[in-house]
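First the structure, in the form of structure tokens, and then the observations on it.
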Amino acid sequence: MSRIHSQLSRDELASHALRRNEGVIAKNGALTVLTGTRTGRSPKDRFIVKDAQTENSVDWGTINQPISQEVFDRLWKKAQAHANAQQELFVSDFQVGADVRHCVHVRVTTEDAWQNLFVKNLFIETDKSFDEQQDWQMLGVPSLETSPEADRVNSDAALIINFTERKVLLCGLRYAGEMKKAMFSVMNFLMPAQDVLPMHCAANQGDDGSVALFFGLSGTGKTTLSADPERQLIGDDEHGWSANGVLNFEGGCYAKCINLSGKHEPVIFKAIKSGAIMENVKLNEQGEPDYADTRYTENSRCAYPRSHIEKCVPANQAGHPNAVIFLTCDLYGVLPPVAKLTKEQAAYYFLSGYTALVGSTEVGQGSGIKTTFSQCFGAPFFPRAAQVYADLLMKRLKETGAEAYLVNTGWSGGAYGKGGERFSIPVTRAVVKAVTSGELRNATFTTLPGFNVQIPTHIDGVEDALLDPRKSYTSTDLYQQNLSELIHKFQENFKKFNVSQDIEQAGPEC
């Protein structure tokens, strides 16, 4: 029978992790671990139990893969027996969702001390007593590898969500990002029924109370741009938008470490200290992290609590957003650094989720960068049909009058690998500041043909020529060629959606 370590502090969990040789302490004070062969999420190994509750409400397919109750029951019992046979287990109780009106409670049981420390950093601590009949359970047994034939899964690892029994099972998975994203998927299924739009976005607040949301896939700038020294952070990845305002689902941040620097990302850089965890970051002989070294993965990560950030919103929630920003990493270099969207255009680009996959966030993705369309800017995490979330977005935009913007953090002057250059962080920060400060409300705009979006003619701190992608391209013919190719991809991708004519016509046209 395992020895149970229950409700430990960060220092206690870190001490156990060191004693068990799960990691080492870097010179910056962070616990540093390696996650083995899986250094990103494993989407092909993620399943949802198909039963009476989920059969007609989940958007089944390659993302939301069905699995039977029978298979789940057998694997859950196998995982419990495996866990009970370990010498030690670590158990902690958490809340997911900062607003008590819209939250779930979960008991997390892990084999590894460091994974319990991870969820302690990412979820919200709670004093509520665990209720086995009402609350969720998460069981993580990374040392239990599954068998595709015996366990009827796809590989030596599996992540299964059971909504009816309120259970999450993780077998063979050491990459801790799976744990946080599993509960994000739970919230994304449950919240629409509570009239809450769940969002894969970061959020921050100005001293004047203005709130900004930053949608985007990993690696496109959510964490970097929301960690603004001049604004207070709400959260960096997962939020809900209710009739009362914005609530963070989490209690910490999970930032990419690739090429991290104190100069360009000072908030994140300073947050990596004692109590934080670094995943797959190479340390030099002096124990200092080398954030440029990608020998383990391009998807190196750090997890730290919000308390490590000097400026964060204490309540972990705020009022309605003034600005909704869709971050897209355009590899064609034909999108402007910023464009103002109508509500119909906002729904179109939200559903499209055009961007790029950056930095091996998924197993099998490979290195480098490639174009993708990820509906709702987070397709791997949304169990329901995309239209459910788009309808809630339109509802909130109409209720609040929040303005929507498309911000390109990708390429300018040419395509990726073909003469273009990626917008620098200072340029993108200047663009975002113009949005969040209200500067763009009084700006002069012009229409960009093709995408038919409104682009400003001037932003302080940004060269005027950069604001219009046509002016920065070396060849007009090449610009038109790339523009037509990208618009065609938008149109082909959007055929899968059944939306109103107003939204469909809000898309780009050649």
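Rule-based calculations on the coordinates, nothing more; no lab input. On a predicted model such as this, the values are computed, not experimentally measured, just so you know. Cβ placement follows ideal geometry from the backbone for every residue including glycine, while neighbour counts extend to all protein chains displayed.
Rounded to whole Å, give me the distance from the Cα center of region 14-70 to that of region 174-238.
So the separation of the two Cα centres works out to 19 Å.
Rule-of-thumb check for region 93-161: C-alpha Rg over 2.2 N^0.38 Å?
Working: Rg = 14.4 Å, N = 69, 2.2 N^0.38 = 11.0 Å.
With N residues counted in region 93-161, Rg over 2.2 N^0.38 Å equals 1.31.
To the nearest 10 degrees, how steeply does helix 386-400 sit against the main Cα axis of the chain, on a 0 to 90 scale?
Between the helix axis and the principal axis of the chain, the angle is about 60 degrees.
Hey, which aspartates and glutamates would be in cross-link range of Lys181, C-alpha to C-alpha under 15 Å, not counting anything within fewer than 8 residues on its own chain?
Those aspartates and glutamates meeting the cut-off are Asp45, Asp236, Asp237, Glu238, Glu250, Glu362.
Under 24 Å from the Cα of Lys471, which lysines turn up, not counting those fewer than eight places away in the same chain?
Output for Lys471: Lys340, Lys418, Lys433, Lys489.
If I stretch the segment between Asp391 and Arg19 completely, what's the gain in nm (0.36 nm per residue apart, minus their alpha carbon distance), one decimal?
On the way: separation 372, 0.36 × 372 = 133.92 nm, distance 5.03 nm.
Taking 0.36 nm per residue and subtracting the Cα distance, the gain is 128.9 nm.
What is the dipole size for region 257-308, taken about its Cα centre, with +1 at each Lys and Arg Cβ and -1 at each Asp and Glu Cβ, in debye to the nearest 20? Write down the numbers at each step before the final one.
On the way: 7 positive and 7 negative charges, 54 e Å.
So the dipole magnitude of region 257-308 works out to roughly 260 debye.
What value in Å³ per residue do you get for the convex hull of the alpha-carbon atoms in region 3-194?
On the way: hull volume 24.3 nm³, N = 192.
With only Cα atoms used, region 3-194 gives 126 Å³ per residue.
Over the alpha carbons of region 257-308, what is the largest minus smallest coordinate on each principal axis, giving the biggest first in Å?
30, 22, 22
Please report, in debye to the nearest 20, how large the charge dipole of the chain is about its Cα centre when each Lys and Arg carries +1 at its beta carbon and each Asp and Glu carries -1 there.
Working: 51 positive and 60 negative charges, 71 e Å.
The dipole magnitude comes to about 340 debye.
List the GluC sites (Glu not before Pro) in region 225-293 that DSSP assigns to loop (not H, G, I, E or B) and whose Cβ has at most 11 other Cβ atoms within 10 Å. Which are they? Kindly include the intermediate steps, with their values, before the conclusion.
On the way: sites: Glu230, Glu238, Glu250, Glu279, Glu285; in loops: Glu230, Glu250, Glu285.
Those satisfying the criteria are Glu285.
Rounded, prolate or oblate: pick one for region 268-355, where a ≥ b ≥ c are the square roots of the eigenvalues of its C-alpha gyration tensor, a/c under 1.5 means rounded, and failing that, prolate if a/b is larger than b/c, else oblate. Walk me through the numbers on the way to the answer.
On the way: a/c = 3.40, a/b = 1.53, b/c = 2.22.
In terms of gyration-tensor shape, oblate.
Have a look at Ala113, Ser6, Phe94 and report the one farthest towards the positive end of the charge dipole of the chain, computed about the Cα centre with Cβ charges (Lys/Arg +1, Asp/Glu -1).
Ala113
When semi-axes √(5λ) of the Cα gyration tensor in Å is calculated directly from the model, which label among (i) 34, 31, 25; (ii) 37, 25, 22; (iii) 55, 24, 19 fits?
So the calculated entry is the one marked (ii).
State, to one decimal in nm, how far the label point of Arg3 lies from the label point of Asp477, with both points 7 Å from Cα in the Cβ direction.
Taking the two extended label points, one gets 7.5 nm.
Given a Förster distance of 35 angstrom, what is the FRET efficiency for His82 paired with Glu421, based on the Cβ-Cβ distance and rounded to 0.05?
Working: r = 51 Å, r/R0 = 1.45.
Result of the calculation: an efficiency of 0.10.
When the Kirkwood hydrodynamic radius is evaluated over all pairs of different C-alpha atoms of region 165-228, what value in angstrom, to one decimal, is obtained? Spell out each step's value before the answer.
Details: mean 1/r = 0.0712 Å⁻¹.
Hydrodynamic radius (Kirkwood, Cα pairs) of region 165-228 is 14.0 Å.
Of all trypsin sites (Lys or Arg not before Pro) in region 61-115, which ones are in loop regions per DSSP and have a Cβ with at most 15 other Cβ atoms within 10 Å? Don't skip to the answer; put the middle values down first.
On the way: sites: Arg74, Lys77, Lys78, Arg101, Arg107; in loops: Arg101.
Those that pass, being in a loop and sparsely packed, are Arg101.
Could you check what % of the DSSP bridge pairs in the chain are antiparallel, to the nearest 5? Write out the running numbers ahead of the final one.
Values: 61 of 96 bridges.
Just about 65 percent of them are antiparallel.
What are the aspartates and glutamates whose alpha-carbon lies under 14 Å from the alpha-carbon of Lys395, with same-chain residues fewer than 8 places away excluded?
Of all the aspartates and glutamates, those that pass the test against Lys395 - Cα under 14 Å, at least 8 places apart if same chain - are Asp195, Glu344, Glu403.
Rounded to the nearest 0.05, what FRET efficiency do Ala315 and Ala193 give with R0 = 22 Å and r taken as the Cβ-Cβ distance? Could you check? Working shown, then result.
Values: r = 24 Å, r/R0 = 1.10.
According to the calculation, E is roughly 0.35.
Over region 3-194, calculate the relative contact order: mean separation of alpha carbon pairs under 8 Å at least 6 apart, over the residue count, as a percent.
Working: 307 pairs, mean separation 45.3, N = 192.
Here the relative contact order equals 24 percent.
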